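Some notes on the structure that comes next.
The values are calculated or read from the model by the stated rules, or taken from the named source; none is laboratory data. Every value quoted in this text rests on a predicted model; they were computed, and no experiment measured them. Glycine also receives a Cβ, built like all others from the backbone with ideal geometry; neighbour counts cover every protein chain displayed. Each accessible area value is taken on the protein alone, full model and side chains, heavy atoms only, with ligands, DNA and RNA left out. Shrake-Rupley method; radii C 1.70, N 1.55, O 1.52, S 1.80 Å.
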Amino acid sequence: MNILWVKTELLHPLDKGGKLRSYHMLRELKRNGLHRITYITLDDGHGGREARQQAGEYCDELVTIPFHPPAKGSIRFYVDLVLNLFSKLPYAVARYRSAALQRAIDARVAAGDVDIVVCDFLAPSVNVSEDLPCPAVLFEHNVEALIWKRHSEVAANPLKRGYLAVQWKRMRAFEARECRRYDYVVTVSPEDRILVSQEYTIETVADVPTGVDTAYFTPSGTQPRDRLNMVFTGSMDWMPNDDAVRFFLGGVWPRIRATVPNATFTVVGRNPSAALVALSSQEPGVTVTGRVEDVRPYMERAAVYLVPLRIGGGTRLKIFEAMAMGLPVVSTWIGAEGLPVTLAVSLHTPDDELRDTLVPVNNRWKVAEVLAAARRYADATGRRVSIEYALIRDVNDQPWRADLLGKLLRERLTTRLVHVNLIPLNPTPGSEWDASPRPVQDEFVDRVRAAGVACTVRDTRGREIAAACGQLAATQS
């Protein structure tokens, strides 16, 4: 099959999620020799000669169209923003309009040797003519309108919020029109597929799951772990990443430093804004690296990987990369949106009085708040929440607690969106806690199920090593 792949940039260097996703997909299509790929793209020259030479890794023929958009923050950039007020197109699309690219696409298709056109991302679609004589597919890495809607919702400045709301409405209109005119739309997650289908009333839409190169993203064993370091990686010239770091530094970082004064935070990614660099310089323990050749050493040295996104769409490759590197991930629900991960809540008791002791974080976020957050996650993802409940003799195994647990979960999450994972406590030498007797455990399960909530008992493992959640015992001889 002869594929004409339309893009707005060369793929090297592979320094952001969209490039990585396209690169691996194209490389696999090219590898088996069944397809001939012509990659036609705008080229602003930033990739240099090396980027053009490396294109042979993912395409058989490269066609570049010179393109020189105004730099962000320049006078011409702001002039374009003002002029865009009189356009029907959102600025994020209009800035990629290129008559030269459209002519080149039309000429290739008219020659009759193109079997299918793939428009990679929504923006280059402004240069893809309607009524092509061959099938055309739109590859949506994000539902773009959703991103701009979220931009407008979190903007603090009223003028900026109004401008972003206009951009959102224009993007939604443009995205709806484009999705409907293509023969097929491909998204990156089931959630995006459903959203595109429902919002834009189309049926010809599918999803291709997100993956990660686990041979590349694997710990080297050469970097010492800093137990007080947290890391964020991402292209810092992408507005949602910039917003995420600013949000974290403004609202979360001061609380962490107040509790852990020696904690450090490393932001790794290309093109951070001057404003963000200036902000980070005022925060002790924060380092902004800018572009680096390899993010893996920074990830391997960190103890925690952060994804504090408030804005976004599609899926975040960075979470799978962090998981492949063996890092625990702390994310907002938007950060993890679209990925096939399940939320597990360590509840362990339905009442605040006992949970304040069993789970000290309950002193900050009470049971009602935790269940409300779990409900927001379940509503947004459609995935069932797992409630973890370690059953402890005479501590949290009373019948009334089972009744209260079932009642709260039924009311706050509904029976469709929740499941209780009951965990029999492994006996540990020297511990004041012990597992509940089997009759007590069985009655607890029956009472939760009587409320209509699914409840299962985790199979017991690890007694021979005195194992429990996050615990291994050692003996001295």
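Tabulated results
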{"item": "Strands (runs of 3 or more DSSP E) within the stretch 1-108 that include 1 or more residues open to solvent by 50 Å² or more (accessible area, probe 1.4 Å), under 26 Å from Ser273 (Cβ atoms) and of a type in the set (Lys, Arg)", "result": "none"}
{"item": "Odd one out for Arg172 among (1) more than 19 Å from Tyr96 (Cβ to Cβ); (2) charged (D, E, K, R); (3) open to solvent by 60 Å² or more (accessible area, probe 1.4 Å)", "result": "(1)"}
{"item": "Selection within the stretch 25-40 - touching a residue at least 40 places away in the same chain (Cβ under 8 Å) and under 13 Å from Ile65 (Cα atoms)", "result": "Ile40"}
{"item": "Leading residue by the ranking (surrounded by the most Cβ atoms within 10 Å (Cβ to Cβ)) among those in the stretch 345-360 that are assigned to a helix (DSSP H, G or I) and in contact with a helix residue (DSSP H, G or I) (Cβ under 9 Å, 6 or more places away or on another chain)", "result": "Arg355"}
{"item": "Any hit, the stretch 73-83, residues being more than 20 Å from Val118 (Cβ to Cβ) and charged (D, E, K, R)", "result": "yes"}
{"item": "Qualifying position, being closer than 22 Å to Arg270 by Cα, part of a loop (DSSP other than H, G, I, E, B), touching a residue at least 24 places away in the same chain (Cβ under 8 Å) and out of contact with any helix residue (DSSP H, G or I) (no Cβ under 7 Å at 6 or more places or on another chain), among Thr315, Thr342", "result": "Thr315"}
{"item": "Whichever residue in the stretch 434-452 is surrounded by fewer than 14 Cβ atoms within 10 Å (Cβ to Cβ) and within 16 Å of Asp394 (Cα to Cα) and, among such residues, is nearest to the chain's Cα centre (by Cα)", "result": "Asp442"}
{"item": "Entirely in the stretch 222-289, the helices (runs of 4 or more DSSP H) that have 1 or more residues that are within 20 Å of Trp333 (Cβ to Cβ) and either out of contact with any strand residue (DSSP E or B) (no Cβ under 7 Å at 6 or more places or on another chain) or open to solvent by 50 Å² or more (accessible area, probe 1.4 Å) (or both)", "result": "239-251, 253-259"}
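To keep it simple, each residue is scored yes or no on (1) within 19 Å of Arg95 (Cα to Cα); (2) modelled with pLDDT under 95; (3) part of a helix (DSSP H, G or I); (4) open to solvent by less than 10 Å² (accessible area, probe 1.4 Å).
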residue: Val126; (1), (2), (3), (4): yes, no, yes, no
residue: Val137; (1), (2), (3), (4): no, no, no, no
residue: Ala156; (1), (2), (3), (4): no, yes, no, no
residue: Tyr163; (1), (2), (3), (4): yes, yes, yes, no
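Here's the yes/no breakdown for (1) at positive phi; (2) more than 20 Å from the chain's Cα centre (by Cα):
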| position | (1), (2) |
| --- | --- |
| Gly338 | yes, no |
| Ala344 | no, no |
| Asp351 | no, yes |
| Arg364 | no, yes |
| Arg384 | no, no |
| Tyr389 | no, yes |
| Asp394 | yes, yes |
| Pro399 | no, yes |
